[in-house]
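Take a look at the structure below.
The values are calculated or read from the model by the stated rules, or taken from the named source; none is laboratory data. What you are looking at is a predicted structure, and each value in this text was computed from that prediction instead of being measured. All Cβ positions, even for glycine, are placed from backbone atoms using ideal geometry, and neighbour counts span all protein chains on display.
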Amino acid sequence: MVDTKTALEYALAFLTLFATVFFLLVFLENRSRIQESPKPPKKLPSLTILIPAYNEEATIGATIESALNAKWPGARKQIVVIDDGSKDNTLKIARSFAKKGVLVLHQTNGGKGKALNNGLKHADTMMVATMDSDSYMDPHALLKLVGYFADSKVGAVTPLMKVWQPKNTLEKFQRIEYLLTVFSRKLLSFINSINVTPGPLSMFRKSVFDHVGGYDERNILEDQEMAMRIQAHQYQIASSMDAVVYTSVPSTLRELIKQRVRWHRGGIRNILKHHYLVSPKYGDFGVLVMPLAIISILALFVVFGLALFSLFSGTPNAFLSYGVQGLIFGLTPLHVLSAIILISTIVWSYVGIRQLQGETLSAPFLALYLLLYAPLITLFWLVTLFKEITREKLRW
């Protein structure tokens, strides 16, 4: 009779294999569309770029410059910077661009959602793009995003996000993570299941905000919450593989943990807030992507629990005695299945990055990423769980 531990292990393995095969089929069915890049309309619509900022004196100037340099010929483009009560020179630097037509707003510290809503009040244009104050878009990025709005069902478009000048190993690992995320998001777009409109750069129809409302000012993961609300109103969110935006990433493990814990805590609240999206009414997003997101979170803790159980229930020399004898006589179908999943993950990741033009990656470094960086996800969730239990205050 199969014990509970073994049953859980098989369930998790088959769930992983199911998701891998499903998205492989999505890829194969749409591989000719991966590199699609709709041309911008001959007459561009008016556009407002919103840049919320808080204590970003080191980067805000370059961010504004990238917005000013973004191509948008023959149409109105306004840039609105919203300083969220910065305590450094962010406001001063932003105001130095007023002579170039940049509108700078100042508010007492209220969070990113409040800053974006403040900016939306000044957006009297057909389109709205949002940028983080430490991101830098390619000059042609906006033109490569706007073409997707030829489809009247599209309410938002996401870009190709890349890590800005990765230097140390941690930043280079994040580069791989971001590239794989972009590839995954493109696949999700084919089944209308994107669940985030990234802060570094996203473009929206202005009318979308009239229909779904402004940003949730109490939400610490407002870009995901907005995307889920867009899904709830059954707009489509498209994804570009060539509209490039660069974003700064944490350079230390401590900074990375802080960022990811904020993302995870915000994500939990967004799932609870929009739990109703788990429904056939919302297509693949409601019957597959949302349930998988919830199951994946639970699965991480199951895996961690199983690992602890194996560690503390084994004999003292369990690891030493495993060796060749364990490999020969202890090989089970689960081991074979796990090996298939590992190999397919490496191949799948390599194929995904190869879809991004101009990006290269060595197979050994990818394997190193999967072995060393991927396990950190469990650490992020354990810290998240601790902060949830201790009810630590959420902060932007």
- Task: Kindly indicate whether any position in region 149-163 is part of a helix (DSSP H, G or I), without any contact (Cβ under 8 Å) to a residue 40 or more places away in the chain and not hydroxyl-bearing (Ser, Thr, Tyr).
- Result: no
- Item | Long-range neighbours under 6 Å by Cβ, at least six apart or interchain, first residue in a loop (DSSP other than H, G, I, E, B) within region 202-223, second aliphatic (A, V, I, L, M) and modelled with pLDDT under 95 | Ile220/Leu394
- Message: Residue under question is Ser32, and the condition is that it be crowded, with 16+ Cβ neighbours inside 10 Å and either more than 30 Å from Ser248 (Cα to Cα) or touching a residue at least 12 places away in the same chain (Cβ under 8 Å) (or both); does it hold?
- Response: no
- How many of the residues making up region 101-151 are modelled with pLDDT under 95 and among the aromatic types (Phe, Trp, Tyr)? 0
- Task: Report yes if Lys162 is surrounded by 19 or more Cβ atoms within 10 Å (Cβ to Cβ) and more than 24 Å from Met228 (Cβ to Cβ), otherwise no.
- Result: yes
- Note on the structure: Residue hits (region 83-103; crowded, with 20+ Cβ neighbours inside 10 Å and part of a strand (DSSP E or B)) are Asp83, Asp84
- Sole residue being surrounded by 19 or more Cβ atoms within 10 Å (Cβ to Cβ), in a helix (DSSP H, G or I) and touching a helix residue (DSSP H, G or I) at 6+ places or on another chain (Cβ under 9 Å), chosen from Leu116, Leu145: Leu116
